[in-house]
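Data block below; observations after.
The values are calculated or read from the model by the stated rules, or taken from the named source; none is laboratory data. In this text the structure is predicted, and so the values were computed from the model without any measurement. For neighbour counting, all protein chains shown are included, and Cβ atoms are generated from backbone atoms with ideal geometry for every residue, glycine included. Areas reflect the complete protein model, heavy atoms only, side chains present, ligands, DNA and RNA absent. Shrake-Rupley method; radii C 1.70, N 1.55, O 1.52, S 1.80 Å.
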Amino acid sequence: MKIIVLAKQVPDTRNVGKDAMTEEGTINRSALSAVFNPDDMNALEQALRIKDANPDTEVSVLTMGPPRAEEIVREGMFRGADKGWLLTDRLFAGADTLATSYALATAIKKLGVPDIIIGGRQAIDGDTAQVGPQVAEKLSLPQVTYAEDVKVNGDVLTITRHIDTGVEVVEVPMPCVVTVTGSAPACRPRNARRTMAEKHCEVMQLSVNDIDGDEQQCGLSGSPTKVKAIQNIVFQAKEVKRLSADEEDIKSLITELQEKKII
Amino acid sequence: MNNIFVYCEIDGIDVSEVSFELLSKGRQLADTLGCELEAVVAGSGIKDYVERQILPFGVDVLHVFDAECLAPYTTLPHAEVLINLFRQEKPQVCLMGATVMGRDLGPRVSSALKSGLTADCTALEIGPHDDRKSGRHYENLLYQIRPAFGGNIIATIVNPDNRPQMATVRPGVMRKAEGDMSREDAKVVYHDVAEYVSPEACVVKVLKREVKKNGNNLGGAQVIVAGGFGVGSKENFEMLHTLAEMLHGEVGASRAAVDAGFCEHDRQIGQTGVTVHPKVYIACGISGQIQHIAGMQDSSIIISVNTDEEAPINAIADYVITGSVEDVLPKMMAALK
Ligand SMILES: Cc1cc2nc3c(=O)[nH]c(=O)nc-3n(C[C@H](O)[C@H](O)[C@H](O)COP(=O)(O)OP(=O)(O)OC[C@H]3O[C@@H](n4cnc5c(N)ncnc54)[C@H](O)[C@@H]3O)c2cc1C
Ligand SMILES: Cc1cc2nc3c(=O)[nH]c(=O)nc-3n(C[C@H](O)[C@H](O)[C@H](O)COP(=O)(O)OP(=O)(O)OC[C@H]3O[C@@H](n4cnc5c(N)ncnc54)[C@H](O)[C@@H]3O)c2cc1C
């Protein structure tokens, strides 16, 4: 069986601390480290579990990004993936989710559609959760999103999904696209032996030409959405009434709110 | 043609709250743009139930798709309904909830139509746009305003050339309109589902679905007593429940409090939880990280109870009580009695 894991390198937006903010209150992106998108780690783990249960499975990592994103492919291999590709080309730059999914789906067609394409539910920078379903549509494959557990059952997958109001178990034929949420089991750590062996391995690179892509559908020119404006969040201080924890203070606050008919 | 379409999400035969919120917003946008508001609903056994729920929001045309293959929800049949309907009707705008369902369905539909899709919007406006690259000027575009970058920025996104302009909108941020705005000449169209959905679309089978009815009404609460990690324990959280009861309100929580097991997950407020806008928000032992504030900053009055005088939440609070939860809450309850 063949599995392709979609993984993205992202700035670590979870830790936008004081040092990551400039004096004007904007984000200093260069102060944020680049990490393996968290949900994609959960996706990798599901792929590796399938490989544990079916040892003849081949797990590959596919990422699109600048040259340094090859770290993602290596990280995947340190943890148990067999190989990987970096999709990199200036023409891919500035992609929205439609152009991103076009590039990923076109590369997958070129590489051969595997039994399972598995990715994270959402990336922590763009935060859209759109790429998985769009890759599925472009390959005309069924999709299952918000997966927490993926099991192979003959030629179908049995998947537990985390939905708004509870859980759902679905069955989907392969080939298919699955996206995994952050509440799925965490990824296993690096394997020391593999880390030594693959430290300097060559990561295969693919350009628009290599995947027979249509330039018009890649990057900025293939992106219908345009960012018109970006505003950093700066909180404006309101007029604050400061109170102590004395009974008096609290009593007068409650009375004030009651008199104004607020409570 | 070129109208505003709202995809109405349903649970059984009940239209979900977020759809009412979107219909209300959709009506306003349609009035601004001088076009009609159309709604789409797909499910099984829904005819004669959904019409009276949806039409009061001022819908001009309601499209009903009723067939067994449309419930329980799976992606492909619903996607085919929208893709084929939109190819005929050519909407200028399509809105759906940024729920598990909407975020599963929206991208599939937008990919097939090669239209743009903006995720998880918290505001929608209409305005002009000048494209710097092409030098073209556009009127009446939908400004799709959304947090991104982990909630640290707000981006305004436009979709100048492709139609429909599609957006998913977070539940709880648009206000549901009150009163009956039914249109006298409203039309309901019952479509033949077989003309839209191919038999091959029904490949995903739902084997089991365990649904918990949401026990709380955070979205509509007038008073919310919310607790954070600073509350310290599940036992201390009981105090919040008592205070909320006295104020006829609901209890909410920060993610740190949920992660620590002080409170159930469905009470989490913030970017990855519920968005609320009560009249009074009492934040107890909550530091006020950006992801939490994203879900409660529109509260009319914010009261912060925190041992740290410099807690970030104090910057957006109207009243700051410097003290511990254990000390302050009993005093509040005593004052209320
Ligand atoms: C502020 C801001 C707002 C944006 N808003 C929108 C918007 O509303 N609509 C829109 O269409 N685009 C938007 N974009 C662009 C979007 O972030 C990029 O298109 C991005 O390449 C993919 O989207 P995402 O980060 O949201 O990924 P998601 O769709 O959240 O990613 C889901 C999964 O897809 C896979 N995946 C995603 N990208 C890659 C990749 N490069 N390589 C390998 N696997 C990948 C991963 O498994 C990932 O977990 C925005 C960008 C910014 C900076
Ligand atoms: C992608 C992403 C999404 C997220 N989504 C959400 C979300 O939806 N909602 C959310 O809430 N968070 C979310 N978070 C987490 C968020 O960043 C914070 O970690 C979280 O909100 C902190 O919760 P807290 O304020 O309760 O805890 P802390 O930050 O630990 O603050 C505790 C506060 O309690 C005070 N305190 C301590 N003891 C007492 C006492 N005895 N009495 C009174 N005060 C006391 C302290 O001074 C402090 O201010 C998200 C994070 C990420 C990265």
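Quick check on my filter: what residues within the range A:106-148 are at the interface with chain B (Cβ under 8 Å from one of its Cβ atoms), of a type in the set (Gly, Ala, Ser) and more than 9 Å from ligand 1 (Cβ to nearest atom)? Answer for the range A:106-148, where residues must be at the interface with chain B (Cβ under 8 Å from one of its Cβ atoms), of a type in the set (Gly, Ala, Ser) and more than 9 Å from ligand 1 (Cβ to nearest atom): just A:Ala136.
Within the range B:309-332, which residues are within 7 Å of another protein chain (Cβ to nearest Cβ) and touching a residue at least 12 places away in the same chain (Cβ under 8 Å)? Passing the criteria: B:Asn314, B:Ala315, B:Ile316, B:Ala317, B:Asp318, B:Tyr319, B:Val320, B:Ile321, B:Thr322, B:Gly323, B:Val328, B:Met332. Scan the range B:244-287 residue by residue and report those that are within 12 Å of chain A (Cβ to nearest Cβ) and away from ligand 2 (no atom under 14 Å from the Cβ). Result: B:Ala244, B:Met246, B:Leu247, B:His248, B:Gly249, B:Pro278, B:Lys279, B:Val280. All but one of (1) of a type in the set (S, T, N, Q); (2) farther than 28 Å from B:Leu117 by Cβ; (3) buried (at least 21 other Cβ atoms within 10 Å of the Cβ) hold for A:Asn37; state the number of the condition that does not hold. Every listed condition holds for A:Asn37 apart from (2).
When A:Gln216, A:Gln258, A:Gln205 are checked against the criterion of being open to solvent by 50 Å² or more (accessible area, probe 1.4 Å), without any contact (Cβ under 8 Å) to a residue 40 or more places away in the chain, under 26 Å from A:Gly126 (Cα atoms) and not hydroxyl-bearing (Ser, Thr, Tyr), a single residue qualifies: A:Gln216. For the range A:149-164, filtered to residues that are among the β-branched types (Val, Ile, Thr) and more than 7 Å from every other protein chain (Cβ to nearest Cβ), the residue that is nearest to the chain's Cα centre (by Cα) is A:Val150. Of the numbered criteria (1) outside the structural domain of B:Leu70 (by TED's automatic domain parsing); (2) open to solvent by less than 60 Å² (accessible area, probe 1.4 Å), the one B:Val197 fails is (1). Within the range B:65-79, if we keep just the residues that are surrounded by 21 or more Cβ atoms within 10 Å (Cβ to Cβ) and more than 22 Å from the chain's Cα centre (by Cα), the residue that is nearest to the other protein chains (Cβ to nearest Cβ) turns out to be B:Leu76. Screening B:Val59, B:Val18 for residues that are in contact with a strand residue (DSSP E or B) (Cβ under 8 Å, 6 or more places away or on another chain), part of a loop (DSSP other than H, G, I, E, B) and buried (at least 24 other Cβ atoms within 10 Å of the Cβ) leaves exactly one candidate, B:Val59.
Could you list, in sequence order, all residues of the range B:65-123 that are among the β-branched types (Val, Ile, Thr) and farther than 16 Å from B:Ala39 by Cβ? Residues satisfying the conditions are B:Thr74, B:Thr75, B:Ile83, B:Thr99, B:Val100, B:Thr118, B:Thr122. Among the residues in the range B:249-262, are any touching a residue at least 60 places away in the same chain (Cβ under 8 Å) and surrounded by 23 or more Cβ atoms within 10 Å (Cβ to Cβ)? Within the range B:249-262, none of the residues are touching a residue at least 60 places away in the same chain (Cβ under 8 Å) and surrounded by 23 or more Cβ atoms within 10 Å (Cβ to Cβ).
For the range B:99-127, the candidate set comprises residues that are within 16 Å of ligand 2 (Cβ to nearest atom) and within 7 Å of another protein chain (Cβ to nearest Cβ); within that set, the residue that is surrounded by the most Cβ atoms within 10 Å (Cβ to Cβ) is B:Ala119. Annotation note: Cβ proximity below 9 Å between a residue of the range A:114-133 that is free of Cβ contacts under 8 Å to residues at least 24 places away in the same chain and a residue that is not in a loop (DSSP other than H, G, I, E, B) (sequence gap 6+ or interchain) occurs for A:Asp127/A:Thr13; A:Asp127/B:Ala119; A:Asp127/B:Asp120; A:Asp127/B:Arg146; A:Asp127/B:Pro147; A:Asp127/B:Ala148. Hey, any hits in the range B:167-181 for a residue that's open to solvent by 30 Å² or more (accessible area, probe 1.4 Å) and within 16 Å of ligand 1 (Cβ to nearest atom)? There is at least one residue in the range B:167-181 that is open to solvent by 30 Å² or more (accessible area, probe 1.4 Å) and within 16 Å of ligand 1 (Cβ to nearest atom). Are any residues in the range A:99-132 acidic (Asp, Glu) and more than 16 Å from ligand 2 (Cβ to nearest atom), and if so, which ones? Once the filter is applied, which keeps residues that are acidic (Asp, Glu) and more than 16 Å from ligand 2 (Cβ to nearest atom), the range A:99-132 yields only A:Asp115. From the list A:Val169, A:Val156, A:Val113, A:Val131, the lone residue that is open to solvent by 20 Å² or more (accessible area, probe 1.4 Å) and under 20 Å from B:Glu80 (Cα atoms) is A:Val131.
Looking at B:Met166, B:Met174, just one residue is over 19 Å from A:Gln231 (Cα atoms) and away from chain A (no Cβ under 11 Å), and that residue is B:Met174. Among the residues making up the range B:213-235, those that are within 14 Å of another protein chain (Cβ to nearest Cβ) and either assigned to a strand (DSSP E or B) or free of Cβ contacts under 8 Å to residues at least 24 places away in the same chain (or both) are B:Lys213, B:Val223, B:Ile224, B:Val225. Going through (1) closer than 23 Å to B:Leu336 by Cβ; (2) within 16 Å of ligand 1 (Cβ to nearest atom) one by one, B:Leu243 falls short only on (2). One residue alone among B:Ala167, B:Ala155, B:Ala177 is among the aliphatic types (A, V, I, L, M), within 30 Å of B:Thr118 (Cα to Cα) and in a loop (DSSP other than H, G, I, E, B), and that residue is B:Ala177. Name the residue that is farthest from A:Asp149 (Cα to Cα), counting only residues in the range A:50-82 that are open to solvent by less than 40 Å² (accessible area, probe 1.4 Å) and of a type in the set (S, T, N, Q). Among them, the one singled out is A:Thr63.
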